[in-house]
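Heads up: the structure comes next, in structure tokens.
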Amino acid sequence: MEKREQLYEGKAKKVFATENPDCVIVSYKDDATAFNGLKKGTITGKGAINNRVTNYLMQLLEKEGVPTHFVEELSDRETVVKKVSIVPLEVIVRNISAGSFAKRYGVEEGIVFDAPTIEFSYKNDDLGDPLLNTSHALALKLATPAEIDAIKAMSFKINDVLKAFFKNVGVDLVDFKLEFGKTNDGKLVLADEISPDTCRFWDSKTHEKLDKDRFRRDLGNVEDAYAEMMKRILG
Ligand code: TMP
């Protein structure tokens with residue numbers, strides 16, 4: 001696959017065209033941001049780790065029947081994925097209270113829920129990704145009712161698969177963010193990434209944080225946490 005012109009640069013990845021109109025190449029950066037870009041930094045080696053971790057987990061999900069955008073890993077940082085138009089919803093699934101959930105509802109972090117929760121944010125940096133519900137998403141025509149139903153069902157299935165996988169490697173999957181896209185032939189697939197940038201991972205025994213919260217909250221040992229997660233996931 002030939003890398004052609006850059007189509008887009010986001011906070012953590014660049015996207016390039018290829019000779020195939022149905023495929024693009026994503027290139028993962030070491031740049032890290034938090035709080036809608038207010039905090040900026042570098043996590044050395046993050047791009048390569050997030051690329052490999054995402055690809056591993058996307059292939060696991062494909063095997064379990066979840067359609068994804070994954071096509072082929074090209075190198076440490078670069079992967080061919082299906083070209084999609086991203087549904088402008090960030091889907092957050094939570095198993096344990098943390099982060100904005102704990103803050104918004106005034107509860108401590110670490111409460112294990114009886115059943116997972118799901119919420120949507122409108123993917124819009126200018127507005128700071130505001131929280132919205134299904135009827136808001138429909139009013140704004142961000143997706144069709146059938147797409148919202150499919151996104152919810154896929155997100156809970158993904159949670160089941162990932163929760164079980166991480167339990168096996170001694171990690172509690174606290175919460176995570178997903179994005180979905182539509183391919184050129186209209187198929188809804190899991191897109192973006194699944195990595196320590198987009199998930200909260202707590203060591204099952206020590207409850208040590210092994211994700212981007214180490215960067216967001218200045219906890220130190222950020223690179224070590226990413227490397228540890230790659231080791232646990234890829235073996
Ligand atoms: P939150 O508790 O801050 O709402 O985050 C929930 C999950 O979503 C957490 O695993 C981190 C992830 N996340 C992103 O991937 N991108 C974002 O911009 C934010 C705010 C959270």
Worksheet item: What residues qualify as long-range amide H neighbours of residue 42, i.e. H under 5 Å apart, gap of 5 or more or another chain, H built at 1.01 Å from N?
Response: 32
Worksheet, complete the sentence: the chain, Gaussian network, Cα under 10 Å: of 49, 86, 111, the residue fluctuating most is 111
Worksheet item: Under the Karplus relation 6.51 cos²θ - 1.76 cosθ + 1.60, θ = phi - 60°, what is the ordered set of whole-Hz ³J(HN,Hα) values for the stretch 104-118, x standing for Gly and Pro?
Response: 5, 9, x, 10, 6, 7, x, 6, 7, 6, 5, 9, x, 9, 9
Practice prompt. Treat each spin label as a single point 7 Å out from the Cα along the C-beta direction, and report the residue 64 to residue 11 distance in nm.
Written response: 2.6 nm
Fill in: Pair-distance profile P(r), taking every C-alpha pair of the stretch 1-113, with 10 angstrom steps and integer %
12, 32, 36, 16, 4, 0
Worksheet item: Once a ≥ b ≥ c are taken as the square roots of the eigenvalues of the Cα gyration tensor of the stretch 99-184, is the result rounded (a/c under 1.5), prolate (a/b larger than b/c) or oblate (a/b not larger than b/c)?
Response: oblate
Item to complete: Straight distance only, please: which lysines reach the Cα of residue 163 with their own Cα at less than 21 Å, same-chain residues fewer than 8 apart left out?
Response: 63, 152, 177, 205, 209, 212, 231
Discussion item. Per residue of the stretch 68-77, what does 6.51 cos²θ - 1.76 cosθ + 1.60 with θ = phi - 60° give for ³J(HN,Hα)? Whole Hz please, x for Gly and Pro, Karplus curve as stated.
Written reply: 10, 7, 4, 10, 6, 6, 9, 7, 2, 10
Worksheet entry | Per-residue HN-Hα couplings for the stretch 137-149 [Karplus 6.51, -1.76, 1.60; θ = phi - 60°; Hz; x = Gly/Pro] | 4, 5, 4, 7, 6, 7, 6, 7, x, 5, 5, 4, 4
Worksheet item: What is the set of long-range amide H partners of residue 83 at a cut-off below 5 Å, with H atoms built 1.01 Å from backbone N?
Response: 23, 24
Worksheet item: Given DSSP loops and a limit of at most 11 other Cβ atoms within 10 Å, what is the longest stretch of the chain that contains no such GluC sites (Glu not before Pro)?
Response: 109-235
Worksheet item: What nm value, rounded to one decimal, do you get for the distance between residue 22 and residue 185 when each label is placed 7 Å out toward the C-beta?
Response: 0.5 nm
Item to complete: May I ask you to work out the translational diffusion coefficient for the chain at 25 °C, viscosity 0.890 mPa s, via Stokes-Einstein with Rh from the Kirkwood sum over Cα pairs, reported in whole µm²/s?
Response: 135 µm²/s
Fill in: For the stretch 1-60: span of alpha carbons on each principal axis (Å, largest first)
36, 28, 18
Item to complete: Quick one: which residues, 5+ away or cross-chain, put their amide H under 5 Å from the amide H of residue 200? H built at 1.01 Å from N.
Response: 174, 175, 176
Worksheet item: For residue 119, what charge total do you get from the other residues with a beta carbon under 15 Å from its beta carbon, if Lys and Arg give +1 and Asp and Glu give -1?
Response: +3
Item to complete: Would you mind checking the radius of gyration and Dmax of the stretch 143-235 based on alpha-carbon positions, in Å?
Response: 15.1, 46
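No value in this document is a laboratory result; all are computed from the given coordinates. Quantities reported herein were computed from a predicted structural model and do not represent experimental measurements. With ideal geometry, Cβ positions are generated from the backbone for all residues, glycine too; neighbour counts draw on all protein chains shown.
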